[in-house]
Structures are given as C-alpha cells and as structure tokens.
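Data first, discussion second: the structure below is written as structure tokens.
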Amino acid sequence: MSETVIELRNVTKTFGSVTSNDHVSMKIEKGEILALLGENGSGKTSLMNMLSGIYFPDEGEIILNGKPVTIRDPRDAYELGIGMVHQHFKLVDVFTASENMILGIDAKAKLDRKKIAAQIKEICDKYGFVIDPDKKVYDMSVSEKQTLEIVKVLYRGADILILDEPTAVLTPQETDRLFDVIRNMKKNGKTVIIITHKLHEVLSISDRVAILRRGQYIGTVNTSEATESSLTEMMVGKKVELNIERPVIENKELLLEVRNLNCINPEGIKVLKDINFDVYGGEILGIAGISGSGQKELLESIAGLQKNEKGSSIIYYQPHARDESIDGDQLVGKTPREIRDLGIRLSFVPEDRLGMGLVGSMGMTENMMLKDYRSNGHIFANVKKPRMLAEKIKDELEVVTPSISTPVKNLSGGNVQKVLVGREIAASPTVLMTAYAVRGLDINTSYTIYHLLNEQKKKGSAVIFVGEDLDVMVALCDRIIVLCDGRINGVLEYKPDGDNKDFNKGNIGLMMTKIDYKDETEGGKADE
C-alpha cells in the first residue's frame, strides 16, 4: 500500500494580480517518481518553489509525513529532507565540486576535503554517479554540472528531490544515464518529482503524472494508463494534434553561403573552426550540439554580433535575384544595423531572452517598437502599430500577462519566449534564426511555434533552428548540422521519398559527442 510523504492542502500563491497557484490540493507518495505537467503559467515551478523554500504560500498547508510543516527558506527545506535542482544551476564556477557541495551548510565548519570526497564517492557508488570532487565547475560539461547539483542535494540529506527540466540540455545518451540514476534513487527509497514538458520522457520515467492548468490542480493519473494525447488534453483542456508537419518545398533558393567561418571568443578560445554550409529558402535547417559547441556563436556571426577571423565569409543572396550576374552581400564585418540597411530582413531569436532579445523593464508594446523605432523619421515614437502587434501576439500565442504594459521581466519564462518569437516572426524575415525557440514552452504553445516556423518555410524563408529536443528536430527539420567542439561533425538530410533510417536522434546524439556514429549504428547501438 502506498504511503503519502507530502500532502498539499489548498496551497495558494499570488504575484500581484496574477494567481500562480489556486487552492492546490494534491498528494505525493513515498518512493515514487512523479512527473508534474502543465502549460506555461500553470504554476508548476512556483508550487515546487514553495516546497523547496524559495516562495512562501499565501494560504494553505504543507503536510510532511502526516505533520504540518513551515518552510520559510531553502535551509528549512533541507532540514526536512527536501531539495530542488533548478533548471539554471546554482553553482560557483571557480569552486571545485567539493567546495560547492558544502557551500552555505556551516560557515564555521572546517573544510575536510578527504571526508567530503569520501562522502561524495559513497553517494556516487550508491546511485551510479560519476564526479571528480576536485574538478572546477568551469571545467565541467553541462551533464557534469547537473550531476553535481543532484549529488549536492543528496549530500545535504534530501529524501525528496525536485528536478526542474532536468534533460533540457542533455544528449539522448546523457538523458538515458540520468534516468538510470533516478531509477536507482527510487530503489533506495527516494521520492523524485520531475517538472518537464517532454511527454515521451514522462511516459518513460514516471510512475504517476500530476497535471496543473492555469494554477489549479486537475488530477493525477497512473503513467501506465496515460498516453501523450491524453496528458495533453488534460493540460490544455482540449485535444491537440501532436503530429509535427514537415511540408515539402520543391523550389529552394540559396540565401546564405557560409565559408571558412572561424570565431574566437573574448576569452581567446576558438569556438568556431572552419565552418562551411549553405542555407536555402524553403527549408528548416537544424543545428544540433551539446551546450557550448558553437551554436550561439554561429547564429551571432550571421546576425552581425560576433567578430570573425580574417578569411571568414557569410554571403547573403536576395530572394528571387540569384543568377550569375548578381553578387551577394558579405555579412562578415557588418553590424546588425548595417545588415538591416542593406534591405536584408533577418530575424534572430537569441537564447538569452531578456539579456539580448527583450528589455525586461519594458512592456510588450515598447518591446515591439525596438525593431523599427529608427524608421519613424521623427523624434516622437508611433505606438499605434506596436500596440496592435502586441495585442495580436498576446491573443494568438495566448501570452499570460495582466496587460501589454506589464514589464516582460514579470512574466514566466515561457511567456517571455512567446513575446520574443512572435515579434521576430512578425517582421516577415527572409532568414529566421531561432535558438531554443520552444525551451520552457508547454506542448500546446510549442506546436503553435512549430506551425509558425513551417509557415515561414512555406513562404520561402530560410529557418535556422537551434534546438535541444532531438525528437523535435528529427520531426521538424529538413537537414540537421551537428556541431561538436566548434566543428561540423556531420550533416543528416531528410529524404521525403527515400530511406531515412539514419535520420534519427540516436545518430545525432552520437555525433554530438565525437563518436563515429556509423561505427556505433553498425553495432545496433543507435536509438532508432
């Protein structure tokens, strides 16, 4: 018989006029893997933040092992055996794994490296982790940092672990290893709560699935009785078609020609190494790679935001004007404004939504104005069109906001992304570049974004799609370039009427990690 470890009774949390959690009452069982699903703004992360001590409930009770508890801060949560691994890691880069492990536990305690290393080894051996206690965080891969975060929570005595989007930047192989570790934690009596939008992973790893919709608790179902369609319908309140469209465009035009592209970052590290590829209008070109493989610098080079080494070339050809007598425009060495002044309609959805894409202190209307305020011709800004565009994006993408004047920094991450993607697509670009366009978006909005990208493709635009969900990339993209350590490690192309057995996420994942994917697939190791 199952035993309830956490019970939430009428838990409510508001932020100004927005109700994030509305009298949520639900139970979490001991030793289970519970997936928490919901649309953007449904209150998943805020609910878990109350369990982990980041927020404090406005109303309601939290019952732990049958007794009411008060969780005022993360220290209270740790003392009660609750730990949360956030989507954005809370690590100090210049510290080692051991130093991060004890940070904030006891300021007066002496750092006993041998004892800490022994405790880390014990945890790693028990659950199947691999970590070097003396390794600096800045030398770690993304998966190593995540491993450190989980071990850190276990080191502090957590019996209940909350993982927020744990597979967001992992390869399929790294995800499989993480899931093996989570199953080991369950075998050892740990309770694991996973916040995620990836339904296939929910069905693979969880025992039960709890659904939130617009701040309210809808219900919990056994994973064995659920499907992607049934879970989606519970999340959004209606049936959603889950097939990603991939229209075939016959007449494709060369729009971008990238040759010998090299880039050195401000730290003096060469992040792009002899990159060569073409981009065509009427296609979606996927760029895959583990975090830090050069995706960011590649898109920023095309957008005019990076300085490239001498000899690098990015030629842009105007649509419908390609013949032997017409030269293209060289983009290397030009600023974004100079590129725009050439009449090139290039839109860029960067990874850093508020740092590069939007101004957090501004509302939706003002952020719409940022694209063309220089074209007004006078000192007074015309807000009529930007306001209409803001209202259109709010309605069509269902942006959850008190008003279009609310500062976008006050919106959830998913709603911020909706504002940014909507603005860039509204500019009718000939080249649209997106970095993690659906990161943090619920399944319903994600499919809306996929539809919008396909509409740009049908119009003859070139779409460059940097993504982390390889299932989506395989279903959406016409070609996929795989980056590894700043180089192109391979290119896969979807053949509408041909053999696509090699066009799968397993091969992409192997190519992302320097493994010769052909050797692996011959041994039957790639995930079909």
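Screening Lys135 with (1) at pLDDT 85 or above; (2) over 30 Å from Val5 (Cβ atoms); (3) surrounded by 19 or more Cβ atoms within 10 Å (Cβ to Cβ) gives one miss only, at (3). Listed by first and then second residue, the pairs with beta-carbon distance under 7 Å, at least 6 apart or on different chains, first residue in the stretch 344-356 and assigned by TED's automatic domain parsing to the domain that holds Ser461 and closer than 19 Å to Leu441 by Cα, second assigned to a loop (DSSP other than H, G, I, E, B) and of a type in the set (A, V, I, L, M, F, W, C), are Val349/Ala437.
Taking the listed residues Phe89, Phe129, Phe95, the one that is farther than 26 Å from Asp176 by Cα and not acidic (Asp, Glu) is Phe95, with no other qualifying. Highlighted here are the strands (runs of 3 or more DSSP E) found entirely within the stretch 12-88 that include at least 3 residues which are surrounded by 16 or more Cβ atoms within 10 Å (Cβ to Cβ) and at pLDDT below 90: 18-29.
When Ile302, Ile275, Ile287 are checked against the criterion of being touching a residue at least 24 places away in the same chain (Cβ under 8 Å), over 25 Å from Gly506 (Cβ atoms) and surrounded by 21 or more Cβ atoms within 10 Å (Cβ to Cβ), a single residue qualifies: Ile302.
To keep it simple, each residue is scored yes or no on (1) under 26 Å from Tyr450 (Cα atoms); (2) under 19 Å from the mean Cα position of the chain (by Cα); (3) among the hydroxyl-bearing types (Ser, Thr, Tyr); (4) assigned by TED's automatic domain parsing to the domain that holds Thr434.
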position: Asp274; (1), (2), (3), (4): no, no, no, no
position: Phe277; (1), (2), (3), (4): yes, no, no, no
position: Gly286; (1), (2), (3), (4): yes, yes, no, yes
position: Ser293; (1), (2), (3), (4): yes, yes, yes, yes
position: Glu297; (1), (2), (3), (4): yes, yes, no, yes
position: Ser301; (1), (2), (3), (4): yes, no, yes, yes
position: Lys310; (1), (2), (3), (4): no, no, no, no
position: Ile315; (1), (2), (3), (4): no, no, no, no
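Identify, from the list Lys190, Lys186, the residue that is surrounded by 19 or more Cβ atoms within 10 Å (Cβ to Cβ) and among the basic types (Lys, Arg). Spell out the reasoning first.
Numbers: Lys186 fails: surrounded by 19 or more Cβ atoms within 10 Å (Cβ to Cβ).
When all the criteria are applied, what remains is Lys190.
Suppose we filter Val248, Val221 for residues that are of a type in the set (A, V, I, L, M), part of a strand (DSSP E or B) and not assigned by TED's automatic domain parsing to the domain that holds Asn507; which single one remains? Before you say what the answer is, go through the steps one by one.
Numbers: Val248 fails: part of a strand (DSSP E or B).
Result of the check over Val248, Val221: Val221.
The values are calculated or read from the model by the stated rules, or taken from the named source; none is laboratory data. Given the structure is predicted, the values throughout are model-derived calculations rather than measurements. We place every Cβ from the backbone using ideal geometry, glycine too, and count neighbours over all the protein chains shown.
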